[in-house]
């Protein structure tokens, strides 16, 4: 993407107007729109994801649903979650939700990551993992409110959906979008997708009787670059555990903004503290200390020392008058 | 029963290590730490600093590029850090057994703690006469490390096994407690290193050569001095003072 942008011809000699292709570059925030109301659960997006990203075969678990596997996997980033929801009136809704990375504007994984350059948020909103910089600490796993990053125990790296940053960088849509046969998946600018999503939600309310239909774009993580149209936006949990109010764990805030500066400061000030003690109070040596060059002439206030006047001879004792014997007598 | 087994184990270990290394005690010195204790102490110190530096690398992103190369890069730092912790815990557990009966808190220690300000300010040059082999500050440090170590182990296991085993929130809380333990232990160790090196000169010899001067003993651990020599620490100090004066 960077190459295309820097090699974009802005001006051309002897050429009127803008250079060819000027303004064609995507430099706005992108967004994937998933309309759960038109998903038919065909899993074409799952296949396209595995194909495009060249993933190895992943054995699955059969648990009496149509769902390919219980959870996403390090080599299976795109999973349609099938849920049977019973309405209060006894009718059943068969809900299908494509589960993948939400590409938050305020990504918990990125906040938690200690490794330089392992997690990147691009200006177009895509949150991407750079496995070459990943150290496998899995901080991102517990930092993600959507339970998305997956650890590969073989490579000791964490993987997740890239929103096909490689394709998007070349002006293409993500692989899942290309494969979707119903148009339930759409891709474009965040603004456009929000507009379409709201239009669809209004349509669902007015024409189909879904009074609570709405758009899922949680502001608690600053909005996401994958948004859903839901039949009932008041209860996203029913769509296979989509959190109503996703948040980065509070402990991460304490950890990142309180503990980290505190330990750094503590270490520095602890060091300065003992240094200050050494300089001001000084070390406590074994008694009696060997006599110094002579008795002190002045005490710290500038008065002549008690041992001073008689200090013709060096017999007046330790560094402070009567120091050792005073200590001794207190001791006895 | 159990304490008997621990004593037997410790005595055996001390004898075995004494046959490997040895401690030379010169005239005017007292035997303080056997070879076994010294080996344990410095092995603990080694694992402590390996764990501390690798931990700092992961803890403070500002130090990531400074400290990870020491351990062979980021991924290896992350892999090694828990093993350093395991090494620390195993060796320090032996040290707990080795020192347990010396570290039990006594009324004299409470008195020492109330008196700590005068020692800190340098007002009193000599420790209280009932200060034994370890003073209350050393005992407090020991138990702080034990406590922090317990936190390190529990939270470390949770973080090592990961969110799949213990759940995301348990892991998130563990990061906090792990770091809290680190904050406490870093402060403790700063004071420990200061006092044992430049703060109270002569102390380091006890842990390197195993012997300390008698003057050091009657100054910092008078009750221990009395116990091993049978002489009165105050009188011994005054005698040494007179000797210095008469020699001048």
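The values are calculated or read from the model by the stated rules, or taken from the named source; none is laboratory data. These numbers were taken from a predicted model, which means no experiment stands behind them. Virtual Cβ from ideal backbone geometry, glycine too; neighbours counted across all protein chains shown.
All but one of (1) crowded, with 20+ Cβ neighbours inside 10 Å; (2) modelled with pLDDT of 95 or more; (3) under 26 Å from residue A:123 (Cα atoms) hold for residue A:201; state the number of the condition that does not hold.
It fails just one condition, (3).
Condition check ((1) more than 7 Å from every other protein chain (Cβ to nearest Cβ); (2) more than 15 Å from the chain's Cα centre (by Cα); (3) surrounded by fewer than 21 Cβ atoms within 10 Å (Cβ to Cβ)) across all residues:
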position: B:163; (1), (2), (3): no, yes, no
position: B:170; (1), (2), (3): yes, yes, yes
position: B:175; (1), (2), (3): no, yes, no
position: B:189; (1), (2), (3): yes, no, yes
position: B:194; (1), (2), (3): no, no, yes
position: B:201; (1), (2), (3): no, yes, yes
position: B:207; (1), (2), (3): yes, no, yes
position: B:213; (1), (2), (3): no, yes, yes
position: B:225; (1), (2), (3): yes, yes, no
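Let me confirm something: among B:187, B:206, B:199, B:210, which residue is on the phi > 0 side of the Ramachandran plot and touching a helix residue (DSSP H, G or I) at 6+ places or on another chain (Cβ under 8 Å)?
B:210
Please find, among B:104, B:100, the residue that is more than 10 Å from chain A (Cβ to nearest Cβ) and in a loop (DSSP other than H, G, I, E, B).
Being more than 10 Å from chain A (Cβ to nearest Cβ) and in a loop (DSSP other than H, G, I, E, B) holds for just one of B:104, B:100, which is B:104.
For the range A:187-221, enumerate the residues that are out of contact with any helix residue (DSSP H, G or I) (no Cβ under 6 Å at 6 or more places or on another chain) and closer than 19 Å to residue A:162 by Cα.
The answer is A:188, A:189, A:190, A:193, A:217, A:221.
Please go through the range A:140-168 and pick out each residue that is part of a helix (DSSP H, G or I), away from chain B (no Cβ under 14 Å) and touching a helix residue (DSSP H, G or I) at 6+ places or on another chain (Cβ under 9 Å).
Those that are part of a helix (DSSP H, G or I), away from chain B (no Cβ under 14 Å) and touching a helix residue (DSSP H, G or I) at 6+ places or on another chain (Cβ under 9 Å): A:166, A:167.
If a residue must be more than 14 Å from residue A:228 (Cβ to Cβ) and surrounded by fewer than 21 Cβ atoms within 10 Å (Cβ to Cβ), how many such residues does the range A:177-191 contain?
8
Just to check your reading of the model, which residue among A:176, A:137 is touching a helix residue (DSSP H, G or I) at 6+ places or on another chain (Cβ under 6 Å) and free of Cβ contacts under 8 Å to residues at least 60 places away in the same chain?
A:137
Which residues, taken from the range A:126-139, are crowded, with 24+ Cβ neighbours inside 10 Å and within 24 Å of residue A:168 (Cα to Cα)?
Within the range A:126-139, A:127, A:134 meet the criteria.
Within 11 Å of chain B (Cβ to nearest Cβ), over 15 Å from residue A:103 (Cα atoms) and in a loop (DSSP other than H, G, I, E, B): does that describe residue A:171?
It is false that residue A:171 is within 11 Å of chain B (Cβ to nearest Cβ), over 15 Å from residue A:103 (Cα atoms) and in a loop (DSSP other than H, G, I, E, B).
Identify all residues within the range A:259-313 that are more than 7 Å from every other protein chain (Cβ to nearest Cβ) and either modelled with pLDDT of 85 or more or part of a helix (DSSP H, G or I) (or both); write none if there are none.
Once the filter is applied, which keeps residues that are more than 7 Å from every other protein chain (Cβ to nearest Cβ) and either modelled with pLDDT of 85 or more or part of a helix (DSSP H, G or I) (or both), the range A:259-313 yields A:261, A:265, A:268, A:269, A:272, A:273, A:275, A:276, A:277, A:279, A:280.
Checking residue A:44 against (1) crowded, with 21+ Cβ neighbours inside 10 Å; (2) at pLDDT 95 or above, which single condition isn't satisfied?
The one condition residue A:44 does not meet is (1).
Going by what's in this entry, would residue B:141 be described as within 14 Å of another protein chain (Cβ to nearest Cβ), over 20 Å from residue B:212 (Cα atoms) and assigned to a loop (DSSP other than H, G, I, E, B)?
No, not satisfied.
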